[in-house]
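Colleague: I'd like to ask you about the structure that follows.
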Amino acid sequence: MADKKAQLTVDGLDAPLDLPIYEGTIGPDVIDVRSLVAQGKFTYDPGFVSTASCESKITYIDGGKGVLLHRGYPIEELAENSDFLETSFLLLHGELPTAEQKEEFVSTIGKHTMVNEQLVSFFKGFRRDAHPMAVMTGVVGALSAFYHDSLDITDAKHREIAAHRLIAKMPTLAAMVYKYNIGQPFMYPRNDLSYSENFLHMMFNTPAEEKPISPVLANAMDKVFLLHADHEQNASTSTVRMAGSTGANPFACIAAGIAALWGPAHGGANEAVLKMLDEIGDETRIDEFLNKAKDKSDPFRLMGFGHRVYKSYDPRAVVMKKCCDEVLAELGLEDDPQLKMAMKLEKIALEDEYFKARGLYPNVDFYSGIILKAIGIPTELFTVIFATGRTPGWIAHWNEMIGGEYRIARPRQLYTGHTKRAYPKK
Ligand code: SDX
């Protein structure tokens, strides 16, 4: 029950409106405006900058302090001590798994890594040079055509099986997207490998040659997945929740999230960062591009910089940069030109008044692309990697909503179009 309230005085209404205020465990209070519609009023918040769309216990972000907690655990500590599947369990179930629970979870995920063989034919409908995100959106949406036994969203067991299937199959599908693109045969998953080793196996091994997977690259891959696992009510997670609020099946909801993630303002930024670094080409051109980024008449934005919530450092960028340094050092790539360019760009931008005044810092996408490139992932597949890492977060939010009380998401609008007019007589 709300103890605190806001009073809203509205011209034309006889008395001020009392709006309940709810407090979270941490973070901003929220003002419940649901009673406004009865007064014939809507709130107006394009882009939902000041809008809490739901109550959640999964992830907390403090953009001013650069804090990111998953079920209360700081991302820095999870990145240091946990792994992607353990963090996935945490996001789904709210607590870190015991040793037995983790062993069972890893084993369960391993049992769902293969996809229905019919999907191989489904791939054949795409051009070989289709963008990987176009294929990923299609094949994940198609999963609902195969799994009729886990589509009763009111059944918690069905929801759990769907969660396991999605977490398990995303790397398999991501690797299939890559293999299809380069014209190589698909590699089947191997249950004797860890989640990230298995992904790199399916990506880079062939039936003709199976090389051992580098533990350095597997660890870096796992950390990239972990750092992308969840991020509160971002655009793609909100899309998953909105699709889920209609009762759509989980595979369709995740496909909707993948489509939303594709945009360069969101998950497509990691691909855009490397393209931007290549376009800048030489450190002497950094100022030219910073000026383009500041020029309101120029649509160019500094990719990998800025964030709707973080107005200080994105804590994931700090961990990603550390991981980047470690991987490139291990691979003897410390002098990677794109890394050097990125570091120079970051240094100059962070000293620039325009960026400082707007709280524009590197975000999760600024360094992730450099690690992915060092691992051997092609640029066009970067957002597919992001989608694979974000799947446990998406499905945890979907499950939290469907497992609780929810209503179909149906925003209203400020209408500024024509008033009623008659169709002209012929
Ligand atoms: C992700 O929401 C999430 O949590 C997303 C994410 C997740 O994990 O799910 O963190 C993943 O999407 C990270 C963001 C990746 N995108 C990029 O790196 C693309 C570049 N960034 C910008 O497009 C932008 O910063 C956004 C989209 C990320 C945020 O947009 P906002 O919150 O709408 O910011 P804004 O447009 O209101 O910017 C405020 C000001 C504006 O200038 P003024 O009008 O005040 O003069 O900052 C400027 C903007 O023009 N600005 C930039 C800029 N980002 C914002 N100027 C130049 N370069 C930039 N990158």
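The values are calculated or read from the model by the stated rules, or taken from the named source; none is laboratory data. Computed from a predicted structure; not experimentally measured. No Cβ is skipped: glycine too gets one built from the backbone with ideal geometry, and neighbour counts run over all protein chains shown. Heavy atoms of the whole protein, side chains included, go into the accessibility calculation; ligands, DNA and RNA do not. Shrake-Rupley method; radii C 1.70, N 1.55, O 1.52, S 1.80 Å.
Colleague: Using the Kirkwood formula over every pair of different C-alpha atoms, what hydrodynamic radius in Å results for the range 249-347?
Modeller: Computed over Cα pairs of the range 249-347, the Kirkwood hydrodynamic radius comes out at 15.4 Å.
Colleague: Taking a cut-off of 13 Å between Cα atoms, list the aspartates and glutamates near K211, but don't count ones fewer than 8 places away on the same chain.
Modeller: In chain and number order, the partners are E197.
Colleague: Once you keep just the Cα pairs under 8 angstrom separated by 6 or more residues, what percentage relative contact order results for the chain? Present the calculation step by step, with values, prior to reporting the outcome.
Modeller: Details: 584 pairs, mean separation 85.6, N = 426.
Taking the mean separation of contacting Cα pairs over the length of the chain, I get 20 percent.
Colleague: Distance between Cα centroids, the range 359-425 to the range 1-50: provide it in whole Å.
Modeller: Centre-to-centre distance over Cα atoms comes out at 26 Å.
Colleague: Place +1 on the Cβ of every Lys and Arg and -1 on the Cβ of every Asp and Glu in the range 95-150, take the dipole about the Cα centre, and give the residue among M114, L96, T137 whose Cα lies farthest towards its positive end.
Modeller: T137
Colleague: Please calculate the 1.4 Å probe accessible area of V120, with all protein chains present, and give it to the nearest 10 Å².
Modeller: Spelled out: V120, probe radius 1.4 Å, area about 30 Å².
Colleague: Something else about it: Output the Cα-based Rg and Dmax of the range 33-104 in Å, rounding Rg to one decimal and Dmax to a whole number.
Modeller: 17.8, 55
Colleague: Equivalent ellipsoid semi-axes for the range 104-165, as square roots of 5 times the alpha carbon gyration tensor eigenvalues: give them largest first, rounded to whole Å.
Modeller: Semi-axis lengths for the range 104-165 are 25, 14, 10 Å.
Colleague: To continue, here is another question. Lys/Arg Cβ at +1, Asp/Glu Cβ at -1, dipole of the range 1-106 taken about the Cα centre: which of G27, S82, P46 is farthest positive-ward?
Modeller: P46
Colleague: Next question, about the same structure. Can you grab the distance from the C-alpha centre of the range 306-334 to the C-alpha centre of the range 193-251, Å, no decimals?
Modeller: Distance between centres, Cα-based: 18 Å.
Colleague: From largest to smallest, what semi-axes in whole angstrom does the range 1-78 give when each is the square root of 5 times an eigenvalue of its alpha carbon gyration tensor?
Modeller: 32, 13, 10
Colleague: Let me ask something additional. Compare the peptides 313-326, 40-53, 210-223 by average per-residue count of other Cβ atoms within 10 angstrom and give them in order, highest first.
Modeller: The packing order, highest mean first, is 313-326, 210-223, 40-53.
Colleague: Carbon-plus-sulfur fraction of the accessible area of the range 208-338, 1.4 Å probe, in percent?
Modeller: 56
Colleague: Averaging sequence separations of C-alpha pairs under 8 Å and six or more residues apart, then dividing by the length of the range 319-426, give the relative contact order as a whole percent.
Modeller: 25
Colleague: Normalized C-alpha radius of gyration of the range 307-426, against 2.2 N^0.38 Å?
Modeller: Cα-based Rg divided by the globular estimate yields 1.65.
Colleague: Counting only C-alpha contacts under 8 Å and six or more residues apart, can you give the relative contact order of the range 153-248 as a whole percent?
Modeller: So the answer I get is 20 percent.
Colleague: Place a point 7 Å from the Cα of S53 along the Cα-to-Cβ direction; which residues of the range 288-318 have their backbone N under 16 Å from it?
Modeller: In the range 288-318, the label zone of S53 (backbone N under 16 Å from the point 7 Å along Cα→Cβ) covers 308-309.
Colleague: Using the beta-carbon distance between A15 and T154 and R0 = 56 Å, what value does 1/(1 + (r/R0)^6) give for FRET efficiency, to the nearest 0.05?
Modeller: With R0 = 56 Å, the Cβ-Cβ based efficiency is 0.85.
Colleague: Further, regarding this structure: Using 10 Å bins from zero, what percent of all Cα-Cα pairs in the chain falls into each bin?
Modeller: Here the calculated profile for the chain is 4, 20, 29, 25, 14, 6, 2, 0.
Colleague: Could you list, in their original order, any pairs among K294/K321; K111/K321; K65/K347 whose Cα atoms are separated by more than 27 Å?
Modeller: On the way: K294/K321 25 Å; K111/K321 34 Å; K65/K347 20 Å.
Going by Cα-Cα distance, K111/K321 fall outside the 27 Å limit.
Colleague: Please work out whether the range 131-253 counts as rounded, prolate or oblate from its C-alpha gyration tensor, where a ≥ b ≥ c are the square roots of the eigenvalues and a/c under 1.5 means rounded, while otherwise a/b larger than b/c means prolate and anything else oblate?
Modeller: Prolate shape, in that a/c is at least 1.5 and a/b is the bigger ratio.
Colleague: Under a 1.4 Å probe, what is the accessible area of the range 155-206 per residue, stated in Å²?
Modeller: 33
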